[in-house]
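*Asks:* Could you have a look at this structure, given as structure tokens, before my questions?
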């Protein structure tokens, strides 16, 4: 009853089953992915994303549809135990991102009298584009592990922004892992198994599911919509922007702490939307707040989504067509000294709030080379002036230093920091 | 800036964009669905499910992958207003399930100075198999609307089961709507627009997202896995079981209240899993608790998932191979006077619980002809004896009378009850 089964093998059987029996949801996913890869830059949704590389996957990787994000508190006080955990996690991540199980013996191999080393809910599911991306929070560099001298200056705590309504219990954390995949069960499986492996050494501080990506990170992707109904991320930094990525996304060797070379800083903000209030706002006002029209996503006064925004144009009454407090104006690089962000957020609905309202909004995530010159000035400007603020509330915040990629099977998450 | 755009039209443009530009996630979904419909019984995941019919869709409809479930409290005290809302909802549901927008003018049509009559986040997305299924809770039959005499006897409040840890704020409710779709954004969009339309007349009491179906409702579907890693719903009642559906799923005209003919009773139970404890349990114990092996899902002592369970077989030590307190034994129709359920549950993860644990489990939903003869005896038996109880906790409960289908555009949800 405990023969060894790999997810790949299970999946192979599932796919064969289709030809024979005609159906099966697992197989539908695989077949679908294979059938529609009309562009080399868009992988099949069932495919695996390479785990090893110069940079971590899950940053410029074309944004997958689903998210499970987790922030851990480290509970061990021993640096060696933490480094050991990071090695175990890296091995598990390398397997799971390639469609394998978390441990060598999987959910049904190994010793029947021992707990399985995979929890099993992804058996039969393909890799589904899973990426796992790790980051280290500022709190990891306190006096527990002797890492204080290695804290990057760019990891300075974010300032308190006007209007912040942050809940400490869902903010911060020592270590984050971002799991993105085309199948939520695969993303959840990955985070759950990392938590399982970390038992006794880390503890889940907070965790967030997201169901619809709200940004494209590749020009091959259509721009998705946020829960205000607008296209989001039209002017996002994208993987095709090689020069901008070098300048604004990836930490360079001379930037400060060497262990961060090839890495990037991640800011997370859980932004609750006042959905019900927004839904009673006129179309005109909604479009003026964003500075784009709702149907096409074109800048006001323009026709197509990717038309450049005209910040100078005035209407018949002499008012700016794109208002001074419009979201697109305040967030635009031209208003922020050229600062870009690689956004990678997701829509969320966490049920309802007990007051008759949906608890919903945007789990904002943005990668960048230095938050002090990118997220912080942009958010200061938005927090002070954005007309959208009437409809949103920032309830959680995180800042994490995501190191460069894992080079090969001998490397591990954070090795340059821990060795 | 407010030209009228239908979701279908937007989607048509999106799909055309693929051929031209090579990619786009929206289009990938559509293409994928079309490419894999190898069996007439499995629709493309982008397709629409018919809204009108003898029974409501979303019950025997092959279970879609994603759920947004909502329970409303009625806040108006006027029966006529409630009946009017049900008519407005029905019209919106008929549109949205066919890939259209919630209202005639959509997200960007109509009067710019008025709020749009669709919130817009599903613009460009196909119907995605959306079904919307309505049910009426016992509380609707109190003295507010003069419906007390029309309360079906089968809608009697569920008994308190041993071990119940129900939270009243996420239990019960006057009206429920189950939205199932292959795309969570489409399911969320539907519920959000029904809540928007209901403003001033209903208020969201609780709402639940589910990301992975845990039962098949058709033999054309592969059996999915729950978050304990086991296949779930192998012996579920399925749409191909015509005789059993007549006997055990659909309310017959002579069953009591005529307005429920062609309908079914829905029980919801949010079942939190003690994920971390389960993950430290041996494979042997996990398999004994369920009575099936984990890899294949075969009954213990058998080889294949659909092999009949042998409740008599004993092992070398003279113990039953499938233990007396195994889940499959206690839940099986043969242990419950032949009672079947059509289960339609979903996995959920609601983040973490502040104690270092994932807040995750199963949102159980089951349809049946009469809960007094089906869910209640089965759950009494499980609550008393199931060895799984050590790892689960029921935290929410609901019971809803789901009327028969909407016949045509002149009919509406609950018309037989309100007229």
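*Asks:* Being within 14 Å of another protein chain (Cβ to nearest Cβ) and in contact (Cβ under 8 Å) with a residue 12 or more places away in the chain, is that true of even one residue in segment A:239-247? Steps first, answer last, please.
*Replies:* Going residue by residue through segment A:239-247, those that are within 14 Å of another protein chain (Cβ to nearest Cβ) are A:239-240.
Then drop every residue that is not in contact (Cβ under 8 Å) with a residue 12 or more places away in the chain, which leaves A:239-240.
The answer is yes, given that some residue of segment A:239-247 is within 14 Å of another protein chain (Cβ to nearest Cβ) and in contact (Cβ under 8 Å) with a residue 12 or more places away in the chain.
*Asks:* Restricting attention to segment B:269-314, which residues are surrounded by fewer than 21 Cβ atoms within 10 Å (Cβ to Cβ), part of a loop (DSSP other than H, G, I, E, B) and either modelled with pLDDT under 95 or in contact with a helix residue (DSSP H, G or I) (Cβ under 7 Å, 6 or more places away or on another chain) (or both)?
*Replies:* Answer for segment B:269-314, where residues must be surrounded by fewer than 21 Cβ atoms within 10 Å (Cβ to Cβ), part of a loop (DSSP other than H, G, I, E, B) and either modelled with pLDDT under 95 or in contact with a helix residue (DSSP H, G or I) (Cβ under 7 Å, 6 or more places away or on another chain) (or both): B:274, B:311.
*Asks:* Looking at the structure I just gave you, is residue B:225 within 24 Å of residue B:126 (Cβ to Cβ), facing chain A (nearest Cβ under 7 Å) and either touching a helix residue (DSSP H, G or I) at 6+ places or on another chain (Cβ under 9 Å) or surrounded by fewer than 21 Cβ atoms within 10 Å (Cβ to Cβ) (or both)? It would help to see each step written out before you state the result.
*Replies:* Numbers: within 24 Å of residue B:126 (Cβ to Cβ): no; facing chain A (nearest Cβ under 7 Å): yes; either touching a helix residue (DSSP H, G or I) at 6+ places or on another chain (Cβ under 9 Å) or surrounded by fewer than 21 Cβ atoms within 10 Å (Cβ to Cβ) (or both): yes.
Against the criterion (within 24 Å of residue B:126 (Cβ to Cβ), facing chain A (nearest Cβ under 7 Å) and either touching a helix residue (DSSP H, G or I) at 6+ places or on another chain (Cβ under 9 Å) or surrounded by fewer than 21 Cβ atoms within 10 Å (Cβ to Cβ) (or both)), residue B:225 does not qualify.
*Asks:* Follow-up question, since we're still on this one. Out of segment B:118-159, which residues are more than 27 Å from residue A:353 (Cβ to Cβ) and free of Cβ contacts under 8 Å to residues at least 12 places away in the same chain?
*Replies:* Correct list: B:143, B:148, B:149.
*Asks:* Moving on to the next point. Could you check segment B:242-254 and list, in sequence order, the residues that are closer than 24 Å to residue B:307 by Cβ and surrounded by fewer than 18 Cβ atoms within 10 Å (Cβ to Cβ)? Step through it out loud before you land on a result.
*Replies:* The initial filter retains those residues of segment B:242-254 that are closer than 24 Å to residue B:307 by Cβ, namely B:242-245, B:248.
Once the filter is applied, which keeps residues that are closer than 24 Å to residue B:307 by Cβ and surrounded by fewer than 18 Cβ atoms within 10 Å (Cβ to Cβ), segment B:242-254 yields B:242, B:243, B:244.
*Asks:* What number of residues within segment A:29-66 satisfy the criterion of being more than 8 Å from chain B (Cβ to nearest Cβ), modelled with pLDDT under 50 and part of a loop (DSSP other than H, G, I, E, B)?
*Replies:* Number of matching residues: 2.
*Asks:* Could I ask something else about it? Scan segment A:161-171 residue by residue and report those that are part of a loop (DSSP other than H, G, I, E, B) and within 14 Å of chain B (Cβ to nearest Cβ). It would help to see each step written out before you state the result.
*Replies:* Our first condition is that a residue be part of a loop (DSSP other than H, G, I, E, B); within segment A:161-171, this holds for A:161-167, A:171.
Matches in segment A:161-171: A:167, A:171.
*Asks:* Taking residue B:113 as meeting all but one of (1) in contact with a helix residue (DSSP H, G or I) (Cβ under 7 Å, 6 or more places away or on another chain); (2) touching a residue at least 60 places away in the same chain (Cβ under 8 Å); (3) under 30 Å from residue A:295 (Cα atoms), write down the number of the exception.
*Replies:* Single failed check for residue B:113: (2).
*Asks:* Taking segment B:170-200 only, how many residues are surrounded by fewer than 24 Cβ atoms within 10 Å (Cβ to Cβ) and out of contact with any strand residue (DSSP E or B) (no Cβ under 7 Å at 6 or more places or on another chain)?
*Replies:* Final tally of qualifying residues: 4.
*Asks:* Among A:158, A:209, A:132, which is the only one that is more than 25 Å from residue A:91 (Cα to Cα), in contact with a strand residue (DSSP E or B) (Cβ under 6 Å, 6 or more places away or on another chain), at pLDDT 95 or above and not in a helix (DSSP H, G or I)? Break it down into steps so the answer makes sense when it comes.
*Replies:* Working: A:209 fails: more than 25 Å from residue A:91 (Cα to Cα); A:132 fails: more than 25 Å from residue A:91 (Cα to Cα).
After applying the criteria, what remains is A:158.
*Asks:* Within segment A:174-187, is even one residue in a loop (DSSP other than H, G, I, E, B) and either away from chain B (no Cβ under 11 Å) or more than 17 Å from the chain's Cα centre (by Cα) (or both)?
*Replies:* The answer is yes, given that some residue of segment A:174-187 is in a loop (DSSP other than H, G, I, E, B) and either away from chain B (no Cβ under 11 Å) or more than 17 Å from the chain's Cα centre (by Cα) (or both).
Conditions (1) more than 14 Å from every other protein chain (Cβ to nearest Cβ); (2) under 19 Å from residue A:168 (Cβ atoms), marked per residue:
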{"residue": "A:362", "(1), (2)": "no, no"}
{"residue": "A:368", "(1), (2)": "yes, no"}
{"residue": "A:374", "(1), (2)": "yes, no"}
{"residue": "A:379", "(1), (2)": "yes, yes"}
{"residue": "A:386", "(1), (2)": "yes, no"}
{"residue": "A:389", "(1), (2)": "yes, no"}
{"residue": "A:394", "(1), (2)": "yes, yes"}
{"residue": "A:398", "(1), (2)": "no, yes"}
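*Asks:* Next up: Checking residue B:390 against (1) surrounded by fewer than 22 Cβ atoms within 10 Å (Cβ to Cβ); (2) touching a residue at least 40 places away in the same chain (Cβ under 8 Å); (3) within 22 Å of residue B:261 (Cβ to Cβ), which test does it fail?
*Replies:* Failed condition: (3).
Each row is one residue, and each column tells you yes or no for (1) surrounded by 18 or more Cβ atoms within 10 Å (Cβ to Cβ); (2) over 24 Å from the mean Cα position of the chain (by Cα).
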{"site": "A:119", "(1), (2)": "yes, no"}
{"site": "A:122", "(1), (2)": "yes, no"}
{"site": "A:128", "(1), (2)": "yes, no"}
{"site": "A:137", "(1), (2)": "yes, no"}
{"site": "A:146", "(1), (2)": "no, yes"}
{"site": "A:153", "(1), (2)": "no, no"}
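*Asks:* Kindly list the number of the only condition in (1) within 8 Å of chain A (Cβ to nearest Cβ); (2) within 22 Å of residue B:368 (Cα to Cα); (3) buried (at least 22 other Cβ atoms within 10 Å of the Cβ) that fails for residue B:220.
*Replies:* Status for residue B:220: all satisfied but (3).
*Asks:* Here is a further query. Can you tell which of B:144, B:95 is more than 12 Å from chain A (Cβ to nearest Cβ), assigned to a helix (DSSP H, G or I) and either at pLDDT 95 or above or out of contact with any strand residue (DSSP E or B) (no Cβ under 6 Å at 6 or more places or on another chain) (or both)?
*Replies:* Numbers: B:144 fails: assigned to a helix (DSSP H, G or I).
On inspection, the qualifying residue turns out to be B:95.
*Asks:* Against the conditions (1) in contact with a helix residue (DSSP H, G or I) (Cβ under 7 Å, 6 or more places away or on another chain); (2) outside any helix (DSSP H, G or I); (3) surrounded by 17 or more Cβ atoms within 10 Å (Cβ to Cβ), where does residue B:372 fall short? Just the number, please.
*Replies:* (3)
The values are calculated or read from the model by the stated rules, or taken from the named source; none is laboratory data. Since the structure is predicted, the reported quantities are computational estimates derived from the model, not experimental observations. Please note: Cβ atoms are built from the backbone with ideal geometry, for glycine as well, and neighbour counts cover all protein chains shown.
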